[in-house]
Amino acid sequence: MIDKFLKEFGLTRYQVAKISGVLEATLSLANDKPINSLSVRVLQALAMATGLTPGEVLDKLIKQEGNPII
């Protein structure tokens, strides 16, 4: 799920790890988790790398997952 999100921004997990300081292994594990179980640390890393707020990242991920509420 995270890889698809990052593709929209032309980013990889490796680049996010370098920008945010969060281990690439952490991002790799998070990639296979459902959105509602992502840690704040992962959301902050994605936000830092994309220039969005953590809330905007979460909204985009939920929409990407197909949740009709957002």
Against the conditions (1) modelled with pLDDT under 95; (2) surrounded by fewer than 16 Cβ atoms within 10 Å (Cβ to Cβ), where does Gly51 fall short? Just the number, please.
(1)
In the set Leu11, Leu6, Leu52, which member is assigned to a helix (DSSP H, G or I) and out of contact with any Cys (no Cβ under 6 Å at 6 or more places or on another chain)?
Leu6
Selection from segment 18-42 of residues that are in contact (Cβ under 8 Å) with a residue 12 or more places away in the chain, open to solvent by 20 Å² or more (accessible area, probe 1.4 Å) and outside any loop (DSSP other than H, G, I, E, B):
Ile19, Ser20, Thr26, Ser28, Asn31, Val40, Arg41
The lone exception for Lys7 - which of (1) of a type in the set (Lys, Arg); (2) loosely packed, with under 12 Cβ neighbours inside 10 Å; (3) over 11 Å from the mean Cα position of the chain (by Cα) it fails
(3)
For segment 1-17, the count of residues that are β-branched (Val, Ile, Thr), more than 17 Å from Glu65 (Cβ to Cβ) and in contact (Cβ under 8 Å) with a residue 12 or more places away in the chain equals 1
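The values are calculated or read from the model by the stated rules, or taken from the named source; none is laboratory data. Computed from a predicted structure; not experimentally measured. Methodologically, a virtual Cβ is constructed for each residue, glycine included, from the backbone with ideal geometry; neighbour enumeration extends over all protein chains shown. The accessibility values were calculated without ligands, DNA or RNA, using every heavy atom of the protein model including side chains. Shrake-Rupley method; radii C 1.70, N 1.55, O 1.52, S 1.80 Å.
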